[in-house]
1. Kindly establish whether B:Phe40 is of a type outside the set (Val, Ile, Thr) and in contact (Cβ under 8 Å) with a residue 24 or more places away in the chain.
2. Among the residues of segment B:38-67, which ones are crowded, with 21+ Cβ neighbours inside 10 Å and either within 27 Å of B:Ser125 (Cα to Cα) or among the hydrophobic types (A, V, I, L, M, F, W, C) (or both)?
3. So, in segment B:14-37, of the ones that are of a type in the set (Phe, Trp, Tyr) and away from every other protein chain (no Cβ under 13 Å), which residue ends up surrounded by the fewest Cβ atoms within 10 Å (Cβ to Cβ)?
4. Kindly evaluate A:Leu40 against the criterion of being in contact (Cβ under 8 Å) with a residue 60 or more places away in the chain and surrounded by fewer than 19 Cβ atoms within 10 Å (Cβ to Cβ).
5. Name the helices (runs of 4 or more DSSP H) wholly inside chain A in which the number of residues that are within 14 Å of chain B (Cβ to nearest Cβ) and over 20 Å from B:Phe62 (Cβ atoms) is 3 or more.
Amino acid sequence: MALEVNGQSIALDEEGYLENLSDWTPEIATALASGEDVELGDEHWDIINFLREYYEEYQIAPAVRVLTKAVGKRLGKDKGNSKYLYSLFPYGPGKQACKYAGLPKPTGCV
Amino acid sequence: MSKKFMYVNRKAPYGTVYALESLEVVLIAAAFEQDVSLAFIDDGVYQIAKGQDTKGIGMKGFSATYNALGDYDVNKFYVERESLEERGLTEDDLMPIVYEDENDDWAEKPSVKIVSRAEMAQVLSEQDVTLSF
């Protein structure tokens, strides 16, 4: 699979995740999201940026449980719950947000 | 009821797949909310040693991931003192791995506990399930 962004072809795996994490740009995130009829707003970007920082620091994508807890701590308790995260990423915050963030699928996420 | 799971790590982090496999199993199993401990024995102590750099072997480094385990409620890292001494290492050569204690206003606490060989045997004997890598 491949994604066309700004005339460039970006390689994706069979589930739509980036083949090369270093390919990622914000434009790619926007393109991946619009392919799933999602328009990224500030609240999506908060989560995407958090995921990228987490990956940069720990070299893994966090499990949903960890993501939920960390979002609550960083962005406030009203956002640290799966209802809020699913409202942004209805296909599952781990899978969908990690995809837009250009990360691999979270370990243990089936 | 949760069981006590122990992951025993005896091999150096890079060069074989054991350390990474162990780490991935720990991350996956953490979702099941069991009581998880890790043991670092023999060359396994190098898994949490500072300054690992995989650039030269073209392999992804995963040393930083040990620091994420606190987020997964994995915060009992038992390191055998004799294994450190036999390799000329001290606690200062290990990464300062910490976790945030949810019940203590997110205070950062050390995850690493240096134990003697006899204490390690005691810890191992208290487990329900032991997985060796």
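Each value in this text was obtained by applying a stated rule to the coordinates, not by laboratory testing. All values reported here derive from a predicted model rather than from experimental measurement. Neighbour counts are summed over all protein chains in view; Cβ atoms, including those assigned to glycine, are modelled from backbone coordinates with ideal geometry.
1. Values: of a type outside the set (Val, Ile, Thr): yes; in contact (Cβ under 8 Å) with a residue 24 or more places away in the chain: yes.
So B:Phe40 fits the description; yes.
2. Within segment B:38-67, the subset crowded, with 21+ Cβ neighbours inside 10 Å is B:38-40, B:44-48, B:63, B:66.
Across segment B:38-67, the qualifying residues are B:Leu38, B:Ala39, B:Phe40, B:Gly44, B:Val45, B:Tyr46, B:Gln47, B:Ile48, B:Tyr66.
3. Looking only at segment B:14-37, we keep the residues that are of a type in the set (Phe, Trp, Tyr), and these are B:14, B:18, B:32.
Now drop any that are not away from every other protein chain (no Cβ under 13 Å), which leaves B:14, B:18.
Working: B:Tyr14: 20, B:Tyr18: 18.
Here the residue is B:Tyr18.
4. Numbers: in contact (Cβ under 8 Å) with a residue 60 or more places away in the chain: yes; surrounded by fewer than 19 Cβ atoms within 10 Å (Cβ to Cβ): yes.
Yes: the conditions hold for A:Leu40.
5. Values: elements: A:26-34, A:42-58, A:64-75, A:82-88.
Where helices (runs of 4 or more DSSP H) fall fully within chain A and carry at least 3 residues being within 14 Å of chain B (Cβ to nearest Cβ) and over 20 Å from B:Phe62 (Cβ atoms), they are A:64-75.
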